[in-house]
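Below is one structure, written out as structure tokens; the observations come after it.
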Amino acid sequence: MSEKNFDPEQIESRPLQYYKGVGEKRAQLFEKLGVGSSDALLRYYPREYEDWSDCVTVAQAKENAGNGEVCCIMATITSQVRSFRLRGNRTLYSARAEDEEGKGFKVTFFNNAYIPKLLLQGSRYIFRGRITFGGNGAEMTAPMFDSADCGRIVPVYRATEGLPSRQIAKVVEQVLSELPEDLEDPLPESVRAQYHLCHIRYALTQIHFPDDSETLATARDRLVFEELLILQLGMLRLKGRRRGTAGVKITEDFTAEFWKMLPFEPTNAQKRAAAEAITDMSSDERPMSRLLQGDVGSGKTAVAAAICHTAARNGIQSALMAPTEILAEQHFRSFVELLEPCGIRVGLLTGSMTAAGKRNVRELAALGMIDVLIGTHALISDGVEFASLGLVITDEQHRFGVNQRGALAAKGKNPHVLVMSATPIPRTLALIIYGDLDISVLDEMPKGRLPVSTYFVDGGKRERAYGFVRKHVAEGRQGYVICPLVEEGENSGDLKAARNYAASLTEGYLKGCRVGLLHGRMKGGEKDGVMQAFAAGELDVLVSTTVVEVGVNVPNAVIMIIENAERFGLSQLHQLRGRVGRGSGQSYCILISDAQNEAALSRMKIMCSTSDGFLIANEDLRQRGPGDFFGSRQHGLPDMKIADMMTDMQMFTLAQQAAREILARDPGLSLRENQGLSREVAELFDSERAMN
């Protein structure tokens, strides 16, 4: 096919209700699955496949599969379907069938009045299900079945009540039949040739209805490559990695002076990370663009302060942006304590400050009278200006949307950029989120820091667990109780809700203790007041939702109970656990859950067996995938429909290479051959923008 302009109108976006067998009500069920149009349905890929092409005989099923295994058998119905009334107003339908070797077996169905019309004596079908062998011979109970000529790989879609996978497949077939033979491909022909990729029409047809396993693999490779390429093109453009020289340059390293001021001995990892950053900032080649990654409590704040100290000594302003006011205020207090004794001026800017307070901070920053400005999203608002912004730090950057990531850097002229993450991120995911940032890892813990002892108990041991809390409170220590919800009614089931649970604990398990409450619906001033009271020792126990996950540093808090622990992901559990163990004494975390499902029990076991955040993060990514890794809508990463970060890293590397080559030739994706790519990038990141 000759290369043409990509014409998006070739794939007509039709509402699904106008397709045969859909209608308005069934279209609403498609909407529940997030599929509202024909083009969206084409990208609604099967979650798995059933191979109906590999049929066996009854004898082979008995010999090879054993009892209870799923298999396909081609057979002829040799009797009429008979019905039997059972207790409980149930009806059983039964018929005899024979395979190609003449071996018979029985097929039975319950409460399906259509079976006599669907299974006709003398007709051949393929039956798929579990076959059992007992005293009455071979039997298939409630198998799926289709005509004998259907022997193919069948797609299985994520379905919903009232809209089974087979119905979805029928509509997909209709949409595919409308695709023009000369459908334009968003991937340029040169890219397809270079990376040996099939055409989009072939890929969409074979991903839904593959001829065999080879064509399925060919289609999947093409679609995974396209998805990762679009993602990388968007990320690289949004990131806007600066290739020119930095706006400001470090001429002298003052980190040795900073380390001497600390009341503790920095780890070798902290010194190494700071040295790597200062080397970057002293370079003539390009600005620093570095990820500082470390486990909970590994000392990232001290490294950031060390770098800001050297920047200030060189006449350079720094800005640090945090995702929440609690975390911003925590950083502000830490930086004031570390930097103001040596004359470095630290400021704070958050949304809850008074208009006059904000105006005053903005004026001081614009005049260069603040050396380090710490804040929330307020830092990227209009009216915030700097005299000489040369260093930009974002903390927990995965919590910001991708379109916010360059906004703070735009306040300076090619500033150095440091990204901090207290969430250990597997390298596979770090490559996606942070692209080609250089990485510094804090792989040592401060001296004297003990791992948090973690235990998993069921609800029957709750009273003993809270007795353990009271014991520590009596010794002058503090603790946390984490609940998944703010108040009852947010969800069904026996889930602990922070507001009511705090009240019941005060009258029950923790009677006599000073119990405080913290949750995300409280106003900034309220949250700050509670946290200050807890940090000052005026509260014994803090009942909180996951808002306490970041920004709380109370060394006297040595015990944490996490209620309904099965409700949290591994990385989130690890982050919560990191709120204790901040001091030099032994700390404890008790996970309470009555869940019996295998996935939840596996998470509890991992939490009790290791404190290695990177090991936990890799397991979390394996279990939940990148879309859910950081929790709902926190990572700023557009959802991927087909790529798998655990298995597609080789394809990711190729897509990343292709993205760089394409942008090197056409930074704006404005060439005619790249119009399809430009459109797909805009669609993917426009949907992400709507989330922020």
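The values are calculated or read from the model by the stated rules, or taken from the named source; none is laboratory data. In this text, all values refer to a predicted model and were calculated from it rather than measured experimentally. Counting neighbours? That spans all protein chains shown, and the Cβs are built from the backbone with ideal geometry, glycine included.
On the stretch given as the stretch 582-604, residues that are at pLDDT 90 or above, outside any helix (DSSP H, G or I) and surrounded by fewer than 19 Cβ atoms within 10 Å (Cβ to Cβ) total 2. In the stretch 428-452, the residues that are part of a loop (DSSP other than H, G, I, E, B) form Cβ pairs under 6 Å with partners that are modelled with pLDDT of 80 or more and surrounded by fewer than 17 Cβ atoms within 10 Å (Cβ to Cβ), at six or more places apart or across chains, as follows: L450/Q586. The residues of the stretch 104-124 that are closer than 16 Å to V70 by Cα and of a type outside the set (V, I, T), listed by number, are F105, K106. Entry remark, the stretch 175-202: residues being polar (S, T, N, Q), farther than 15 Å from E661 by Cβ and modelled with pLDDT of 95 or more number 0 in total. Residues of the stretch 170-184 that are within 15 Å of F209 (Cβ to Cβ) and free of Cβ contacts under 8 Å to residues at least 40 places away in the same chain: E173, S177.
What tally of residues in the stretch 61-78 results from selecting those that are outside any helix (DSSP H, G or I), small (G, A, S) and modelled with pLDDT of 85 or more? Counting residues in the stretch 61-78 that are outside any helix (DSSP H, G or I), small (G, A, S) and modelled with pLDDT of 85 or more gives 1.
Any residue at all in the stretch 295-313 that is without any contact (Cβ under 8 Å) to a residue 12 or more places away in the chain, out of contact with any Cys (no Cβ under 6 Å at 6 or more places or on another chain) and assigned to a helix (DSSP H, G or I)? No, the stretch 295-313 contains no residue that is without any contact (Cβ under 8 Å) to a residue 12 or more places away in the chain, out of contact with any Cys (no Cβ under 6 Å at 6 or more places or on another chain) and assigned to a helix (DSSP H, G or I).
Consider T132 carefully, then state whether it is more than 18 Å from T78 (Cβ to Cβ), among the hydroxyl-bearing types (S, T, Y), part of a strand (DSSP E or B) and assigned by TED's automatic domain parsing to the domain that holds T76. Criteria met by T132. Somewhere in the stretch 77-84, is a residue closer than 27 Å to V156 by Cβ and of a type in the set (G, A, S)? The answer is no; no qualifying residue exists. Among the conditions (1) at pLDDT 90 or above; (2) more than 30 Å from K170 (Cβ to Cβ), the only one that L238 does not satisfy is (1).
Considering only the stretch 401-421, I want to know if a residue exists there that is at pLDDT below 75, outside any helix (DSSP H, G or I), under 24 Å from Q317 (Cα atoms) and of a type in the set (A, V, I, L, M, F, W, C). Taking every residue of the stretch 401-421 in turn, none turns out to be at pLDDT below 75, outside any helix (DSSP H, G or I), under 24 Å from Q317 (Cα atoms) and of a type in the set (A, V, I, L, M, F, W, C).
Which one is surrounded by the fewest Cβ atoms within 10 Å (Cβ to Cβ) among residues in the stretch 654-679 that are part of a loop (DSSP other than H, G, I, E, B) and among the aliphatic types (A, V, I, L, M)? Selected residue: L671. Going by the structure shown, is V70 within 17 Å of D54 (Cα to Cα) and in contact with a helix residue (DSSP H, G or I) (Cβ under 8 Å, 6 or more places away or on another chain)? Spelling it out, it is not the case that V70 is within 17 Å of D54 (Cα to Cα) and in contact with a helix residue (DSSP H, G or I) (Cβ under 8 Å, 6 or more places away or on another chain).
On the given criteria, is A246 closer than 21 Å to L389 by Cβ, part of a loop (DSSP other than H, G, I, E, B) and of a type in the set (A, V, I, L, M)? So A246 fits the description; yes.
Only a single criterion out of (1) among the β-branched types (V, I, T); (2) within 19 Å of A322 (Cβ to Cβ); (3) at pLDDT below 80 is not satisfied by T394, namely (3).
For the residues S381, S352, the requirement of being within 32 Å of the chain's Cα centre (by Cα), in the same structural domain as A306 (by TED's automatic domain parsing) and either farther than 25 Å from M531 by Cα or without any contact (Cβ under 8 Å) to a residue 12 or more places away in the chain (or both) singles out S381.
Does L179 count as more than 26 Å from D51 (Cα to Cα) and assigned by TED's automatic domain parsing to the domain that holds D39? In short, no.
Matching residues to (1) in contact with a helix residue (DSSP H, G or I) (Cβ under 9 Å, 6 or more places away or on another chain); (2) more than 18 Å from M321 (Cβ to Cβ):
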site: P341; (1), (2): yes, yes
site: V346; (1), (2): yes, no
site: S352; (1), (2): yes, no
site: A355; (1), (2): no, yes
site: M369; (1), (2): yes, yes
site: V372; (1), (2): yes, no
site: S388; (1), (2): no, no
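Only residues that are over 19 Å from S421 (Cβ atoms), in a loop (DSSP other than H, G, I, E, B) and not aromatic (F, W, Y) were counted across the stretch 249-282, and they come to 10. So, in the stretch 181-202, how many residues would count as being in contact with a helix residue (DSSP H, G or I) (Cβ under 6 Å, 6 or more places away or on another chain) and within 19 Å of S13 (Cβ to Cβ)? Total meeting the criteria: 4. Do we find a residue being farther than 20 Å from F468 by Cα, touching a residue at least 60 places away in the same chain (Cβ under 8 Å) and surrounded by 17 or more Cβ atoms within 10 Å (Cβ to Cβ) anywhere in the stretch 514-522? Within the stretch 514-522 (the criterion being farther than 20 Å from F468 by Cα, touching a residue at least 60 places away in the same chain (Cβ under 8 Å) and surrounded by 17 or more Cβ atoms within 10 Å (Cβ to Cβ)), the answer is no, since none of the residues qualifies. Quick one: which residue in M607, M651, M645, M640 is at pLDDT 85 or above, surrounded by 14 or more Cβ atoms within 10 Å (Cβ to Cβ) and either in contact with a Cys (Cβ under 9 Å, 6 or more places away or on another chain) or assigned to a loop (DSSP other than H, G, I, E, B) (or both)? Answer to the selection: M607. Under the condition of being crowded, with 16+ Cβ neighbours inside 10 Å and either under 18 Å from T141 (Cβ atoms) or basic (K, R) (or both), which residue from the stretch 38-61 is nearest to the chain's Cα centre (by Cα)? So, considering only residues that are crowded, with 16+ Cβ neighbours inside 10 Å and either under 18 Å from T141 (Cβ atoms) or basic (K, R) (or both), the one nearest to the chain's Cα centre (by Cα) is E50. Here R449 passes the criteria (1) touching a Gly at 6+ places or on another chain (Cβ under 7 Å); (2) modelled with pLDDT of 95 or more except the one numbered (2). Of the residues making up the stretch 487-507, those that are at pLDDT 85 or above and either closer than 15 Å to V473 by Cα or among the charged types (D, E, K, R) (or both) number 4. Scanning the stretch 367-398 for residues that are surrounded by fewer than 20 Cβ atoms within 10 Å (Cβ to Cβ) and either within 17 Å of V248 (Cα to Cα) or among the acidic types (D, E) (or both) returns G368, D382, E385, A387, S388.
Selection of helices (runs of 4 or more DSSP H) fully inside the stretch 183-242 by the criterion of at least 3 residues being surrounded by fewer than 17 Cβ atoms within 10 Å (Cβ to Cβ) returns 189-194, 213-239. Among the residues of the stretch 35-60, the ones that are at pLDDT below 90 and assigned to a loop (DSSP other than H, G, I, E, B) come to 4 in all. When the residues of the stretch 562-581 are filtered to those that are touching a Gly at 6+ places or on another chain (Cβ under 7 Å) and outside any loop (DSSP other than H, G, I, E, B), the one that is surrounded by the most Cβ atoms within 10 Å (Cβ to Cβ) is H574. Under the condition of being in a loop (DSSP other than H, G, I, E, B), small (G, A, S) and in contact (Cβ under 8 Å) with a residue 60 or more places away in the chain, the residues counted in the stretch 141-160 number 2.
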